[in-house]
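These notes are about the structure you will find just below.
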Amino acid sequence: MAKKPKSSAEKSRPDGVRVTAAKCVRCKQPVVPRFRPFCSQRCSDLDLAGWLTSKYRIPTDDTPDGSEIELPTDDD
């Protein structure tokens, strides 16, 4: 039986991606697909809180131009 030639769409598709048993990026517990790459909503929320409080930053060589939002302080 002869093989059917692959169409151009089938040629460009990868064979498949094998996903191994991943671990949560925060606590190293097994990942739950719903919260990937985390194991739970809690780990996801903790990571988001880190970004919102500037615990995590993306390094840049740009100097601040003063257009950042400044939050009011309790001293006002």
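The values are calculated or read from the model by the stated rules, or taken from the named source; none is laboratory data. These figures come from a predicted structure and were not determined experimentally. So basically every Cβ, Gly included, is an ideal-geometry build from the backbone, and we count neighbours across all protein chains shown.
Please determine, by comparing only the residues of the stretch 35-53 that are polar (S, T, N, Q) and surrounded by fewer than 17 Cβ atoms within 10 Å (Cβ to Cβ), which one is farthest from residue 24 (Cα to Cα). The selected residue is 53. Any residue that is modelled with pLDDT under 90 and out of contact with any Asp or Glu (no Cβ under 8 Å at 6 or more places or on another chain) - is there at least one of those in the stretch 32-43? Scanning the stretch 32-43 turns up no residue that is modelled with pLDDT under 90 and out of contact with any Asp or Glu (no Cβ under 8 Å at 6 or more places or on another chain).
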